[in-house]
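J.: Before we start, here is the structure in question, set down as structure tokens.
The values are calculated or read from the model by the stated rules, or taken from the named source; none is laboratory data. Remember, predicted model here, so these are calculated numbers, not experimental data. Positions of Cβ are generated from backbone atoms using ideal geometry, with glycine treated the same way; all protein chains shown enter the neighbour counts. For accessibility, only protein heavy atoms count, side chains too; no ligands or nucleic acids. Shrake-Rupley method; radii C 1.70, N 1.55, O 1.52, S 1.80 Å.
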Amino acid sequence: MKLYVVPTPIGNLDDITIRAINTLKSVKFIACEDTRRVQILLKHYNIEGKILLSYYHPKEAIQIKKIVSLIRKDEDVALVSDAGTPSISDPGFKLINTCIKENIPVEVLPGPCALITAVVGSGLPTHSFMFVGFAPRKSQESFYKEMFQTDVGSYILYESPQRILDTLNVISHIAPDITVAIARELTKIHEEYIRGNIKDVIEELKKRDNNIKGEIVLVLSKENTLAKEN
Ligand code: SAM
């Protein structure tokens, strides 16, 4: 049968498609990172009687064999991650890749993804963008220098609230005129965008005593599309 890749909400539990719910209802097996989180999700949508298979880094290899053998035995399996689209900075790639190489059908459902919501809400260019996953913890200067050598409308990174100020400080040395949008707690009660020149955004974060919480997407652009026209 098939592997279904099913995106789940990145905050607001209403952000799930009818097709995603129907798919989760139809399969017997759901592969997921954290079984407790999925149980909460399934309860919210009144989905019962599923067998949960934990699939998380670095234990993917063992579970891939199990999942592939279930699909070969005519079972459908849905893959979900803790939030958003599986395989985007989340486990999923190895399973999807193995299924494709083994001629197992893979059906990917479209749905929530933090980077897409963030770049659209940033006000920064969307005609072309580069997503580089989580901001690096080592060799940051050389990483950002190389990143900015590729000319795209916007650059998108996932970053933690504890590290955002340090990351912006590193970037401001390399690209002092860059425009920034911090997209925080997307789709949740405290959703917020902090937009502006990198120096202004750094000042804004300092004013908050670096007491910034929640989940963050960092969007950067060499173009200042946020400047107001007279
Ligand atoms: N698979 C997910 C997706 O489709 O976006 C990403 C998972 S990755 C492990 C988690 C990171 O995504 C967080 O550290 C944060 O950078 C970003 N993220 C996820 N949900 C978010 C939200 N509601 N608001 C802002 N950033 C979010």
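J.: At what distance in nm do the modelled label points of K228 and I40 sit from each other, each positioned 7 Å from its Cα along Cα→Cβ?
T.: Each label point lies 7 Å from its Cα, and together they span 4.0 nm.
J.: With the chain treated as a Gaussian network of Cα nodes joined by springs under 10 Å, which of Y144, Y155, Y193 yields the largest mean-square fluctuation?
T.: Per the Cα network of the chain with a 10 Å cutoff, Y144 tops the list.
J.: Calculate the radius of gyration of the Cα atoms of segment 142-203 to one decimal place, then report Dmax, the largest Cα-Cα distance, as a whole number, both in Å.
T.: Taking only Cα atoms of segment 142-203, I get Rg and Dmax of 12.1, 37 Å.
J.: Over its Cα atoms, what ratio of radius of gyration to 2.2 N^0.38 Å does segment 3-108 give?
T.: After normalising by residue count via 2.2 N^0.38 Å, the value is 0.97.
J.: Apply the Karplus parameterisation 6.51 cos²θ - 1.76 cosθ + 1.60, with θ equal to phi minus 60°, to every residue of segment 117-134 and state each ³J(HN,Hα) to the nearest whole Hz, in sequence, with x for glycine and proline.
T.: Taking θ as phi minus 60°, the curve returns 4, 5, 5, 5, x, 6, x, 8, x, 10, 5, 8, 8, 10, 9, 10, x, 6 Hz for segment 117-134.
J.: Here's a follow-up. Of all the C-alpha pairs in segment 114-221, what % are more than 20 Å from each other?
T.: The answer is 31 percent, as a whole percent.
J.: In whole Hz, what ³J(HN,Hα) sequence does segment 144-154 give by Karplus (6.51, -1.76, 1.60; θ = phi - 60°), x for Gly and Pro?
T.: 6, 4, 5, 4, 6, 5, 7, 8, 9, x, 9
J.: Now a separate question. Can you give the net charge of the other residues whose Cβ lies under 12 Å from the Cβ of L165, counting K and R as +1 and D and E as -1?
T.: -1
J.: Same structure, new question: Accessible area per residue of segment 114-221 at 1.4 Å probe, in Å²?
T.: Value for segment 114-221: 49 Å² per residue.
J.: Also: List the aspartates and glutamates whose alpha-carbon lies under 12 Å from that of K66, not counting same-chain residues fewer than 8 positions away?
T.: Cross-link targets: E75.
J.: With +1 on each Lys and Arg Cβ and -1 on each Asp and Glu Cβ, and nothing else charged, work out how big the dipole of the chain is about its Cα centre, in Debye to the nearest 20.
T.: 760 debye
J.: A further question follows. Of all the stretches in the chain, which is the longest one without any exposed loop site, taking GluC sites (Glu not before Pro) in a DSSP loop (any state but H, G, I, E, B) with at most 12 other Cβ atoms within 10 Å? If you can, show how the numbers build up before the last one.
T.: Details: sites that count: E48, E102, E223, E229.
No qualifying site falls inside 103-222, the longest such stretch.
J.: Continuing with this model, one more query. For a quick check: with amide H placed at 1.01 Å from N, whose amide H comes under 5 Å from G84's, ignoring anything fewer than 5 positions away on the same chain?
T.: Close amide H contacts, sequence-distant or interchain: T8, I10.
J.: Follow-up question, since we're still on this one. Can you divide the C-alpha Rg of the chain by 2.2 N^0.38 Å and report the result to two decimal places?
T.: So the Cα radius of gyration is 1.13 times the expected 2.2 N^0.38 Å.
J.: Say R0 is 45 Å: what FRET efficiency, to the nearest 0.05, do I18 and H173 get from their beta-carbon distance?
T.: 0.40
J.: I've got another one for you. Excluding same-chain residues fewer than 8 positions from K199, which aspartates and glutamates have a Cα within less than 16 Å of its Cα?
T.: D166, D177, D209, E223
J.: Shifting gears a bit: If I build a Gaussian network model for the chain, linking alpha-carbon pairs within less than 10 angstrom, which residue out of R36, R208, R184 has the largest mean-square fluctuation?
T.: R208
J.: A further question on this structure: In deg cm²/dmol, rounded to 500, what helix-only [θ] at 222 nm does the chain give when every DSSP H run of at least 4 residues adds -39500 (n - 2.57) and the total is split over its residues?
T.: Rounded to the nearest 500, it is -10500 deg cm²/dmol.
J.: Can you list the HN-Hα couplings for segment 35-45, worked out from phi with the Karplus curve (6.51, -1.76, 1.60; θ = phi - 60°), rounded to whole Hz and with x for Gly and Pro?
T.: With coefficients 6.51, -1.76 and 1.60, one gets 4, 5, 5, 5, 4, 4, 4, 5, 5, 4, 9 Hz.
J.: List the aspartates and glutamates whose alpha-carbon lies under 17 Å from that of K73, not counting same-chain residues fewer than 8 positions away?
T.: E102
J.: Here's a follow-up. Hey, can you grab everything whose amide H is under 5 Å from the amide H of M130? Only 5+ residues off in sequence or another chain; H modelled, so Pro and N-termini drop out.
T.: Distant-sequence amide H within range of M130: S154, Y155, I156.
J.: List, in the order given, every pair from K138/K188; K28/K213; K138/K213; K25/K94; K59/K188; K59/K206 whose Cα-Cα distance in the structure shown is over 28 Å.
T.: K138/K188; K28/K213; K59/K188; K59/K206
J.: Something else now. Report the one residue of V68, Q162, G111 whose Cα lies farthest in the direction of the positive end of the charge dipole of the chain (charges on C-beta: Lys and Arg +1, Asp and Glu -1; origin at the Cα centre).
T.: Toward the positive end, the furthest listed residue is V68.
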